[in-house]
Amino acid sequence: MNIVRTNGARLAIILGTPASGKTTLARRLSEDLSLPAFSKDDIKETLFDVLECTDRETSRLLSEASFAALARLAHAQLAGGRSCIVEGNWRAAHAGMLRGIVSGAAAQGAQIWCCAEPQEIVRRFTSRRRHAGHLDALLPASEIAAAAAHAPAFLDLVGPRWIYRSDTAHAYEDLLGLLKSWRL
């Protein structure tokens, strides 16, 4: 029999396409659960304020730096026995980093995939105003719509997986109940 010992800390990983409601969900959960929430875009926008970003390749590089910083923040919380929430447009390439953080801190992780109807995501994306460094104007609407239509792409991580439809009534209350049952 394998016994896995944990420190009791839990990591909620919120992921999904741009404009799917990740940041809004993370901030709301943070308040309702009294947990810190760390957002990739908060870190990335701080980097934008210091470093010049005028092309998508530089933006991608700053995204990867932001994910690394986000992982470091999460690890510090988890290693101290404190649960937390991280959100960003995590990709399969980040699974190893997250797996290492959770196992290295003897914590547990869960994933929440944010989604909405594709036309709602396109509407949100085209109407929002973000830091100019994101270069949103360079992203074609067709690319946004295509990403929004993809099925949930959970990472290869152990732990619960939930889908959160940010455009559905009562979805938040249902998810909050699941997270409380999981003892986040």
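The values are calculated or read from the model by the stated rules, or taken from the named source; none is laboratory data. In this text the structure is predicted, and so the values were computed from the model without any measurement. A quick note on method: Cβ atoms are made from the backbone with ideal geometry, for glycine too, and the neighbour counts reach across all protein chains shown.
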Number of positions in segment 68-109 that are within 11 Å of the chain's Cα centre (by Cα) and surrounded by 23 or more Cβ atoms within 10 Å (Cβ to Cβ)
6
Within segment 126-147, does at least one residue satisfy the condition of being among the hydrophobic types (A, V, I, L, M, F, W, C), more than 24 Å from LEU61 (Cβ to Cβ) and in contact (Cβ under 8 Å) with a residue 40 or more places away in the chain?
no
Of the residues HIS170, HIS150, which is in contact (Cβ under 8 Å) with a residue 60 or more places away in the chain, farther than 17 Å from ALA26 by Cβ and surrounded by fewer than 20 Cβ atoms within 10 Å (Cβ to Cβ)?
HIS150
Sort out which residues of segment 126-145 are touching a Cys at 6+ places or on another chain (Cβ under 8 Å) and part of a loop (DSSP other than H, G, I, E, B), and write them in order of number.
LEU135
Counting just the residues of segment 3-31 that are touching a Gly at 6+ places or on another chain (Cβ under 7 Å) and either small (Gly, Ala, Ser) or at pLDDT below 95 (or both), which one comes out surrounded by the fewest Cβ atoms within 10 Å (Cβ to Cβ)?
GLY8
Cβ-Cβ under 8 Å pairs, at least 6 apart or on other chains, segment 42-65 side farther than 19 Å from ALA93 by Cβ, far side aromatic (Phe, Trp, Tyr)
none
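So how many residues does segment 114-126 have that are of a type in the set (Phe, Trp, Tyr) and either over 26 Å from LEU47 (Cβ atoms) or exposed (fewer than 15 other Cβ atoms within 10 Å of the Cβ) (or both)?
Of the residues in that region, 0 qualify.
Considering each residue of segment 127-147, count those that are of a type outside the set (Asp, Glu) and surrounded by 12 or more Cβ atoms within 10 Å (Cβ to Cβ), and give that number.
Filtering segment 127-147 for residues of a type outside the set (Asp, Glu) gives 127-135, 137-142, 144-147.
Then drop every residue that is not surrounded by 12 or more Cβ atoms within 10 Å (Cβ to Cβ), which leaves 130-135, 139, 144-147.
Count: 11.
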Only one of (1) in contact (Cβ under 8 Å) with a residue 40 or more places away in the chain; (2) out of contact with any strand residue (DSSP E or B) (no Cβ under 6 Å at 6 or more places or on another chain) does not apply to THR23, and that is (2)
Within segment 138-178, can you find the residues that are in contact with a Leu (Cβ under 7 Å, 6 or more places away or on another chain) and within 14 Å of ARG10 (Cβ to Cβ)?
LEU157, TRP162
From TRP90, TRP113, which residue is under 23 Å from ALA153 (Cβ atoms) and assigned to a strand (DSSP E or B)?
TRP113
Is segment 17-25 home to any residue that is assigned to a helix (DSSP H, G or I), β-branched (Val, Ile, Thr), touching a helix residue (DSSP H, G or I) at 6+ places or on another chain (Cβ under 7 Å) and within 21 Å of LEU178 (Cα to Cα)?
yes
Looking only at segment 147-183, and only at residues there that are part of a helix (DSSP H, G or I) and of a type in the set (D, E, K, R), the one that is farthest from ARG123 (Cα to Cα):
LYS180
